Structures are given as C-alpha cells and as structure tokens.
Amino acid sequence: MAMAGLYRRILPSPPAIEFASSDGKQLFSEALQNGTMEGFFKLISYFQTQSEPAYCGLATLSMVLNALAIDPGRKWKGPWRWFDESMLDCCEPLEKVKAKGITFGKVACLAHCAGAKVEAFRTNQSNVDDFRKYIRSSTSSEDCHLIASYHRAAFKQTGTGHFSPIGGYHAGRDMALILDVARFKYPPHWVPVTLLWEAMDTIDDGTGHRRGFMLISRLQKSPSLLYTLSCKHESWVSTAKYLMHDVPFLLKSDGVDDVQKVLSIVFTSLPDNFGEFIKWVAEVRRKEDGTSLSEEEKGRLSMKEEVLKEVRETSLFKHVVEWFSSMYCIHSLAGKDNLAEIAAHVCCQGAVLLTGKSDSSNQFGCNATCVKCLMANGDMPVTVVSGTVTTGKSEEGVDMLVPLSQTEPRNCTDTGANCCTVMHPASSDVLTVLLLALPLSTWCGIKEEKPLLEINSLVAFENLPSTLQEEVLHLRKQLLFLKRCQEKKEDDDLDIPCEL
C-alpha cells in the first residue's frame with residue numbers, strides 16, 4: 001500500500017508571519033525603505049531547498065557561501081565551480097549528517113574550511129541586544145550574512161533543531177525574516193527577534209551546548225596564498241598530534257643545545273605522509289583555457305612568488321637548508337622536489353581539484369608530462385607543469401602554474417646574471433613555514449637558554465615581512481582549529497585566541 005506522505009505544513013501564525021502574506025509584504029516594503037533588506041537580494045538569488053531532511057545546516061551554508069561569491073576552487077558539475085551541500089564534507093561525513101544532522105560547531109568548521117570569515121556566538125556568549133545589532137548590520141549589507149541555529153518549538157512549529165539564514169529585519173516591529181531552507185515544510189516567514197533569541201537560547205542535546213548564531217563574510221583576500229594545512233588525508237590526525245603534543249615534549253630532552261638539534265628533533269620523527277598535511281597551493285587550469293593568463297591569474301601567481309621569496313629570505317629557512325644538507329641521506333623528507341619528478345603527481349592533484357573528486361588522486365593516471373614556459377601576454381614567461389590525466393575512459397589536459405623565486409647562492413663570487421638560481425616551492429620552504437606556524441609554546445620546554453632564545457627569535461611573528469605574516473597567521477589558526485577537531489572539541493568554546 002502506497003503512503004501518501006506529507007505535503008507541507010501550515011505555518012503557525014502567530015507567532016510567525018508568512019513572507020508572501022499581505023502583512024508579510026508590508027513588512028518587506030517598510031524594511032526595504034529603511035535599508036534593512038540589503039542582504040536579502042543576494043540571498044534570495046541563491047535560495048535553495050535542503051536536499052535531505054537533516055541537511056538544513058549544509059543547505060544554509062552553501063546558500064550563504066554562494067551569495068558571498070566565494071569560489072570553492074573545485075568543480076560542482078560540468079565545468080562549474082559552485083557550492084553544493086555534497087561538497088561540504090571536510091568536517092563531518094555526509095552520511096553522518098544525513099542520519100543525525102550537524103552541530104553548530106561543525107557548521108562553523110565547514111564555513112572556515114570553505115574560505116569564509118566566521119564569527120560564531122552561542123547565546124551564553126552574547127545577549128539579545130547585541131544579537132539585534134548584528135541582525136541590523138548584516139541585513140543592511142550585502143557583504144555579511146547571519147545564520148541562526150534555533151529550536152522550532154518556540155515558533156509552535158514541528159521539528160527540533162534547525163539552521164536557516166536571516167534575510168531581513170523590520171526595526172519598527174522588531175521582526176527578523178527567516179529564509180527557511182526546509183521549503184517543503186514551511187515558507188519564509190517573519191518572527192519576533194525576542195522569540196528568535198529564545199529559540200536559539202536552547203540546549204542541543206547532541207552536544208550539551210546552547211545554540212546561537214554566526215556571521216559569515218568574505219575574507220579580504222584568499223585565506224591562503226601559497227601554503228595550506230589539509231585534513232583531507234587520514235594522516236592529518238597523527239601529524240597534528242605529533243606537532244601539537246609530541247614535539248613540545250621531545251624538546252624537553254637533554255642535549256638540545258643548538259638550533260640544528262632542535263630541527264633534528266622536529267623533523268626526524270615526522271609521521272609518514274606528513275606531506276599530505278601541509279602543501280603548497282597550486283594554480284591549476286585546463287589546457288583548453290588557452291595560453292594567455294587573466295589579470296586575476298597573474299595577480300595570484302605574483303603573490304605566491306612574493307610569499308615564496310619572503311620565506312626563502314628568512315634566517316629560519318637558512319637553518320632548514322643547512323639541516324637538509326647535513327641529513328641528505330634522509331630522502332623521504334625531501335620528497336619530489338625536482339619539477340621533472342613531480343610533474344605527474346602535480347597533474348593528478350590538479351585533476352582532482354578540477355573534477356571535484358577530492359577523496360584520492362590515486363585513481364588518476366598521468367602521461368605526457370612536461371615542464372615548459374608559457375608567455376603571459378607579453379610579460380615574463382611563466383613556468384608550467386603540463387600533463388594529460390586519464391581516469392577510466394576520459395582524459396583531462398591539466399596545466400599548473402608554478403611560482404618561482406630567484407635565490408642568490410651562498411658563497412657566490414660571480415657578479416654576473418648567472419649568480420642567481422630559480423627555485424619553485426620545495427620541502428625546505430614548506431617545512432620552514434610549518435615551523436613558523438607552530439604555537440610559540442612549542443619551544444618553551446627547551447632547557448638551554450641559547451637555543452631557546454635563538455629559535456624564538458627565528459620564529460618571532462614581528463620579525464616576518466607583512467605578506468608572510470598573513471600566511472603564517474592563517475596557518476596558525478588552521479592548526480589550532482584542526483587541533484580542536486582532533487580532540488573532538490569543535491563544539492566547545494568557539495573563540496580560540498591565536499598566539500603571535
């Protein structure tokens with residue numbers, strides 16, 4: 001016997017006012033005149049219905065990310081880069097979200113991983129007056145959107161915990177417009193702000209924490225220019241634990257009397273596959289995109305090259321190079337640092353990015369790789385790693401733009417132009433940046449005063465150039481966030497200060 005199922009629900013009114021009702025239209029018109037519907041038009045352009053009963057958090061976030069025009073950096077379908085619920089899986093498996101929903105902290109985690117600026121507040125970290133101010137400011141702007149996490153019972157609605165974005169605010173009647181992503185159930189509706197606060201000021205039984213709200217906005221620039229930490233590979237858990245817990249303990253050993261011994265302790269015990277944890281970010285494009293570079297592509301490549309140059313000019317980098325020179329026999333750390341050797345690997349990674357198949361690059365095969373120069377619209381030539389990637393019966397032509405840094409060799413006496421070598425990102429600078437990203441407390445256990453003072457000076461944030469400072473600060477925040485995820489504390493205190 002077929003089940004008829006449910007077709008929508010009647011919106012309990014009061015307390016809610018349906019958006020499409022005559023009263024709802026009047027609220028919209030008056031709020032529009034008062035300038036507190038500015039964020040509505042971006043949000044409504046990307047309004048979507050959650051595709052699963054428990055996907056309200058994912059649908060809300062993908063809607064907000066698209067409204068902010070944040071580029072996911074990987075394909076959704078066909079050639080299109082676009083945020084979809086199915087792509088928001090870095091902090092919680094989709095099957096688990098489908099079965100149990102998602103917590104407030106995990107939504108904040110997803111927004112952070114997607115490259116957005118996130119300010120999250122539980123109700124015990126704010127108050128209704130501040131909440132009202134945040135609603136007013138976010139609805140008066142196209143550049144910031146507010147996501148509410150609340151319990152439906154306060155509005156006499158069926159169901160329990162729910163996420164939806166706030167699309168507008170009527171100051172005269174103190175009402176907020178909820179763009180409910182469960183459109184199969186309830187239409188968009190206005191609710192009193194005080195009642196919305198009460199709905200948020202409830203306990204999520206799954207975490208034992210109060211619900212709340214978060215402000216999502218675009219970062220001023222890309223969250224990472226050249227380097228990033230990744231939790232895509234399962235090895236990130238052991239690497240994060242080693243860096244945050246084991247290294248500080250190991251550095252308390254006797255005999256750590258110079259910087260080279262400090263580096264030796266950190267590097268020689270790095271877990272296998274640590275290279276999957278910190279990577280340099282490639283600029284990947286399809287071959288059919290042509291030989292000319294857009295101004296945006298040239299700008300990003302230029303910034304990557306500036307970061308690489310600044311890393312290689314640090315005193316810490318010189319110490320890392322010296323350590324590598326003395327430990328040349330440890331080939332596993334050096335990895336694939338020759339461009340000819342990394343071409344196939346890089347092109348496969350590029351194909352992963354372009355196809356959106358983020359689980360593994362092992363399913364791709366790569367042939368016909370080469371390293372060449374691309375003339376960038378009359379500018380200086382750009383180094384490109386090219387390859388044809390195959391998976392099954394399909395092929396993908398991939399180009400990766402390689403940032404380069406001119407480095408003056410040590411002990412160089414030649415004053416001619418050949419005195420400089422050109423280098424792409426390699427293990428030495430990646431490890432240098434990893435050291436810079438570690439919390440300052442990492443080094444506190446060093447017993448000898450001289451190496452302690454020297455390493456603190458080498459990693460001091462204030463001694464770094466401004467562009468590199470931004471890169472390091474982002475990595476430190478990433479590392480702290482991943483540490484919290486590794487300890488399963490992502491739903492604890494959401495405001496974690498980052499050590500400088």
By average C-beta atoms within 10 angstrom, highest first, the peptides 134-144, 197-207, 159-169, 452-462: 159-169, 134-144, 197-207, 452-462
Using a ≥ b ≥ c from the Cα gyration tensor of the stretch 26-77 (square roots of the eigenvalues), is it rounded, prolate or oblate, where a/c under 1.5 gives rounded and otherwise the larger of a/b and b/c decides, a/b for prolate? oblate
Along the stretch 98-108, what does the Karplus equation 6.51 cos²θ - 1.76 cosθ + 1.60 (θ = phi - 60°) give for ³J(HN,Hα), rounded to whole Hz, x for Gly and Pro? 4, 7, 10, x, 9, 8, 4, x, 6, 5, 4
Tell me, in nm to one decimal, what length is gained between Ser264 and Asn124 on full extension, where the rule is 0.36 nm per residue of separation less the Cα-Cα distance? 45.9 nm
Rounded to the nearest whole Å², what accessible area per residue is found for the stretch 151-227 with the 1.4 Å probe? 35 Å²
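Asp272 to Thr194: FRET efficiency via 1/(1 + (r/R0)^6), r the Cβ-Cβ distance, R0 45 Å, to the nearest 0.05?
It comes out at approximately 0.25.
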As a quick test, which of the pairs Lys309/Lys447; Lys252/Lys309; Lys25/Lys185; Lys42/Lys133 have an alpha carbon distance above 26 angstrom in this structure? Lys309/Lys447; Lys252/Lys309
Long-range HN-HN contacts of Arg81 with modeled amide H, under 5 Å: Trp76
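With charges only on Cβ, +1 for K and R and -1 for D and E, what is the dipole size of the stretch 107-159 about its Cα centre, in debye, rounded to 20?
Working: 7 positive and 5 negative charges, 53 e Å.
Roughly 260 debye, rounded to the nearest 20.
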Simple spin-label estimate for Glu295/Ile203, 7 Å along Cα→Cβ, in nm, reads 5.7 nm
Determine the gain in length on full extension of the stretch Glu322-Trp76; use 0.36 nm per residue of separation and subtract their C-alpha separation, reporting nm with one decimal. 84.2 nm
Between Ile10 and Lys98, what is the spin-label point distance in nm, taking each point 7 Å from the Cα along the Cα→C-beta axis? 3.5 nm
Mean accessible surface per residue for the stretch 17-142, computed with a 1.4 Å probe while every protein chain stays in place, in Å²: 46 Å²
Sequence gap at least 6, Cα distance under 8 Å: using those rules, report the relative contact order of the stretch 1-76 to the nearest whole percent. 17 percent
Counting only protein heavy atoms and using a 1.4 Å probe, what share of the accessible area of the stretch 112-191 belongs to carbon plus sulfur, as a whole percent? 47 percent
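The values are calculated or read from the model by the stated rules, or taken from the named source; none is laboratory data. Worth saying up front: this structure is predicted, and the values here are computed from it rather than measured. When we count neighbours, we look across all protein chains shown, and the Cβ atoms used for this are built from the backbone with ideal geometry, even at glycine. With ligands, DNA and RNA removed, areas are computed over all heavy atoms of the protein, side chains included. Shrake-Rupley method; radii C 1.70, N 1.55, O 1.52, S 1.80 Å.
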